[in-house]
Structures are given as C-alpha cells and as structure tokens.
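Written below as structure tokens is the structure these notes are about.
The values are calculated or read from the model by the stated rules, or taken from the named source; none is laboratory data. All figures in this text were calculated on a predicted structure; none of them were measured in a lab. All Cβ positions, glycine included, derive from the backbone under ideal geometry; neighbour counts span all protein chains shown. Keep in mind that these areas ignore ligands, DNA and RNA; they rest on the heavy atoms of the full protein, side chains included. Shrake-Rupley method; radii C 1.70, N 1.55, O 1.52, S 1.80 Å.
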Amino acid sequence: MSIDVRVATEDDLDRWNGYVERSPQGRLCHELEALRVQADHADATLHPLVGFKGQEPVGIFPVFEITKRLVTTAFSPPPRLRVPYLGPAFLNMGKLKQRKRERRRQRFMDGCFEWIESELNPKYGHVRTATTFADARPFQWNEYDVTPSYTYAVDLDRDEDDLLMSFSSDARSNVRNADDDAYEIDVGGREEIRLIHEQVRNRYESQGIDFDVPLAFVLDLADRSPNGHVRPYTLRVDGEFVGGILALEYGDTVGRWLGGVRTDADVDLPTNDLLDWAVMRDGIERGLETYDLVGADTRRINRYKAKFNPELRTYYSLEYGSWGVKQVASLYDSVK
C-alpha cells in the first residue's frame, strides 16, 4: 500500500500534537502552536505535511514557504529564529524490521519531496533535523547536500551525586565551592525572558554578530506552547540579574536554547556552571532523561560544554539548490 502525503486537514491538525508526542523525533517546536508562532515571526506560510499508510499515520513534516524577490524557498525550521531542530518526524516505525522501516520511511519522504516540488517548486531549501533523525539518505537521494552537525547531551537518568562526579574536576569544584548564600537561581517568567534575551543580544552585538531573534517570538512561544515549556533560569546576586539560560523542555528532554553567555557583571561566581547545574538538577527532579547542550560545533565553546561529560550526538543540516541560488540564502542572514 502506498503512502498518502497531504497538507494536514482540520481533523489531522486536531491530532497533530499527539503525533508529535508519539514520534521519537518530536520536539516542542514541532507542536502546532509552536509552528504557527514560527510562521508568524518568520513571515512564512506553514505547510504541515502528514503521511498515512491507509488510516495509520507514518510521519509529519512541517515546511515553511518564504518568498522574497520572486524567489521561493522552503525551510524547516524557518531562518533567523534559531530554532534548534525541526524537519521530519516519523510514527509507528519502531516495531518494523529494517527493510520494511526503510521502505516506509522512504515512501513517506518521497511523497513529501514530490509535494514540495509540485506545489512550491523552491529554488532553495534548508532542513535541520532532530538528533533522533538517524538516516539522511532520503535527502541525499533527492539532491540535498547533507552536512552532519553535532551537539552534546548529558544523561540525567541518575542521581545528583553520580552526575556531579562525572564532571571534570574544575566543574565539580565550581559547583561545590560556590557559596549558596552569595546568589539565587530561580525559574522566572516574561520579565526574566526579556532580561536573558537582552543579555544575549548585547553579547552577540559586542562580537559583531547579528542576533535577530525577536523577543516577541520567544514570548509568544512561551505563552502558546501547550505541552512544552520555555523555562528562563536566572542567577541574581543581591537581587540584581547576572546571567540566565532559556531552556526548552519537552517530553524527556530539556535543552539549553538561548543564554549562558559571558556576563559583564563583576561577580566572583562561575555563573554559567551554576546555571547549567540548576537546569540539570531540576531535570533529574522532574524525571527527565537528557540535557541537550544544543551545539558542539564551535571549538571554543566546546571546551566549556565538554566538562559536563556529555555524549556527542549527530543531527543533519540539509540544503537544496544550485551554487548560485544558495547565495540567495544570504538574503535571510542566517539559516540557523
């Protein structure tokens, strides 16, 4: 039986978040409300593709159409919002044998590619997958350039002492020797999101790097995510904001999304070590399994992240278009 790929109907959309929850690739930003927030702030048209084998759902693939200067492009996730992962998410394939699983996955992806080509005919495309997306060959077979990217993931399925003992000696020392009375770490709300966003923007701009993530996007994502959480962790000294991390929590995973930048505050504290440790401790308490440090491709930053003894994981950046057309992607400033 063939795979029927279509734009989600109203009935499909009613079930969409359930599909996300059931998929190993499903993340907070796959949820319907999050997709609509992304479309709003990327000035994009959302095409939520879904595939069925008979009545059984086999996959979803949110695609964002953006047209500028008469050039149509397709993204998942859309550019400039710094959404970590999106792309396809598969369902009901875990119990299949390898041959049957590959065939079903390939037919779903072929159906998606055919829809994108016939309905959008994009001159450029860019997809960034989740770390649980293990097989990029369907994209490679459809003329996408496949680039492996990397992130670090900390195993939270253990008690605090075991986790702390796995850290490097300097990370353990930073956590243990900080005076608990010298600072406060809390999970805040909209004001804390604003503080972290402003600190990240200032840090990027001081390095000559554009930071175009709209504050309104982050606030809307926090307000409208029904099953996930945007959790702003802040560290204060004597009531004054020093630093923070915006974490995305969904399912059994929490991810280090925005923040954790170097602080300009004159304090004798390992601010980011303490913030990361707070996120991890909360994750253990909440029964989560993984802390995704979101990114392991920057040599300078990796030295910091690696001290938490994480596991290296792979995801994929997938790009479509001729060399000349790829230069049009510069119109979007960044696809990340």
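Please work out if residue 135 is among the acidic types (Asp, Glu) and closer than 25 Å to residue 66 by Cβ. Spelling it out, it is not the case that residue 135 is among the acidic types (Asp, Glu) and closer than 25 Å to residue 66 by Cβ. Residue-level analysis places residue 81 outside the set of residues that are buried (at least 21 other Cβ atoms within 10 Å of the Cβ), of a type in the set (A, V, I, L, M, F, W, C) and in contact with a Lys or Arg (Cβ under 7 Å, 6 or more places away or on another chain). Of the helices (runs of 4 or more DSSP H) contained entirely in segment 85-175, those carrying at least 1 residues that are aromatic (Phe, Trp, Tyr) and over 30 Å from residue 284 (Cα atoms) fall at 98-115, 137-140. For segment 202-216, filtering for residues that are among the acidic types (Asp, Glu) and outside any loop (DSSP other than H, G, I, E, B) leaves 1. If you go through segment 59-106 and keep only what is over 23 Å from the mean Cα position of the chain (by Cα) and modelled with pLDDT of 95 or more, you end up with nothing.
Residues in segment 265-300 that are farther than 18 Å from residue 184 by Cβ, in contact with a strand residue (DSSP E or B) (Cβ under 9 Å, 6 or more places away or on another chain) and either open to solvent by 20 Å² or more (accessible area, probe 1.4 Å) or of a type outside the set (A, V, I, L, M) (or both): 283, 286, 289, 290, 291, 292, 294, 295, 297. Of the strands (runs of 3 or more DSSP E) entirely within segment 1-75, those holding at least 3 residues that are on the phi < 0 side of the Ramachandran plot and surrounded by 18 or more Cβ atoms within 10 Å (Cβ to Cβ) occupy 45-53, 56-68. Only a single item in (1) at pLDDT 95 or above; (2) over 25 Å from residue 265 (Cα atoms); (3) open to solvent by less than 60 Å² (accessible area, probe 1.4 Å) is not met by residue 135, and it is number (1). Considering 155, 162, the condition of being surrounded by 13 or more Cβ atoms within 10 Å (Cβ to Cβ) and either at pLDDT 95 or above or in contact with a His (Cβ under 8 Å, 6 or more places away or on another chain) (or both) is satisfied by 155 alone. Within segment 108-126, is there a residue that is surrounded by 13 or more Cβ atoms within 10 Å (Cβ to Cβ) and of a type in the set (S, T, N, Q)? Among the residues of segment 108-126, not one is surrounded by 13 or more Cβ atoms within 10 Å (Cβ to Cβ) and of a type in the set (S, T, N, Q), which makes the answer no. For segment 290-336, a residue qualifies if it is among the aromatic types (Phe, Trp, Tyr) and at pLDDT below 90, and the qualifying residues are 323, 332.
Answer with yes or no whether residue 219 is open to solvent by less than 80 Å² (accessible area, probe 1.4 Å), part of a helix (DSSP H, G or I), over 20 Å from residue 261 (Cα atoms) and touching a helix residue (DSSP H, G or I) at 6+ places or on another chain (Cβ under 9 Å). In short, no.
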